[in-house]
Amino acid sequence: SYNNELIILTQIGEFESALKLIEEVVDGLQRYDKLITHNYKTLLYYNIADVYFGVGQYNNALPWLNKIINDTESNLREDIKSFARIVNLIVHYELNNRELLEYIILSTTRFLSKKQKLFKAETILIQFLKKQSGIKTADERINSFKAFRKELILLSKDSYEKRVFYYFDFISWVDSKIEKRSFAEIVRRGIDNG
């Protein structure tokens, strides 16, 4: 039930409410470790990272993403593993870890290239983040986010690509950068506007 609750709360932008559940979730993960399937734990790790991202606690999101990224179990859900890597890129962007981000982009690109079919959104996000290091002014950065947003809007209408936006709200993240507002505020506004 915690996974469902975390998903619903993050999708409606109630990250603070979701944050209040984290201690309970972590306690349950420790207490019932042997009873919880590996894939279910992985999904919880992803949702915990999503909550920390939503409240702007990027350093707290990293360990949960790393649990997924560094997991070597071969039957782990590839979708979660892929999107943990994508969100990891965004977290490092938010933390202004530019040099590390360049390395992680290469690592993520190698990992994603092994997939049968890449989502275009994954590709354009990586290209977008690569370009960010060359941007010098705030106006250039805002314009790059606006151009990226247009690409995302087009992709969000594609039936195959639409699935990407279930894992992470890229458009709200971009809007938060353009409008210089919190990610949670933008997500809540999207829900309010239907």
| request: Grab the other residues whose beta carbon is less than 15 angstrom from that of residue 22, score K and R as +1, D and E as -1, and report the net. | output: -3
| remark: Under 19 Å by backbone N from the virtual spin label 7 Å along Cα-to-Cβ at residue 106, the residues of segment 122-136 are 126-134
| note | Carbon and sulfur atoms account, in whole percent of the 1.4 Å probe accessible area of segment 1-132, for 50
| request: Hey, can you find the accessible area per residue of segment 65-133 for me, probe 1.4 Å, expressed in square angstrom? | output: 52
| Given a Förster radius of 30 Å and the C-beta distance between residue 161 and residue 137 as r, what FRET efficiency does 1/(1 + (r/R0)^6) yield to the nearest 0.05? | 0.45
| message | Once each part is reduced to its C-alpha centroid, what is the distance from segment 39-84 to segment 1-30 in angstrom? | response | 14
| query | Once you sort the root eigenvalues of the Cα gyration tensor of segment 108-194 as a ≥ b ≥ c, which label holds: rounded (a/c under 1.5), prolate (a/b larger than b/c) or oblate (the other case)? | reply | oblate
| task | Determine the calculated [θ] at 222 nm for the chain from helices alone, applying -39500 (n - 2.57) to every DSSP H run no shorter than 4 residues and normalising by the residue count; nearest 500 deg cm²/dmol. | result | -24000 deg cm²/dmol
| query | How big is segment 44-156 on each of its three principal axes, counting only the C-alpha atoms and giving the largest first in Å? | reply | 43, 32, 26
| request: Run down the lysines and flag those whose C-alpha is under 16 Å from the C-alpha of residue 162, throwing out any fewer than 8 positions away in its chain. | output: 117, 120, 150
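The values are calculated or read from the model by the stated rules, or taken from the named source; none is laboratory data. This one's a predicted model, so the numbers in the text were calculated from it and none came from an experiment. Methodologically, a virtual Cβ is constructed for each residue, glycine included, from the backbone with ideal geometry; neighbour enumeration extends over all protein chains shown. Surface accessibility is based on the protein's heavy atoms, side chains included, excluding ligands, DNA and RNA. Shrake-Rupley method; radii C 1.70, N 1.55, O 1.52, S 1.80 Å.
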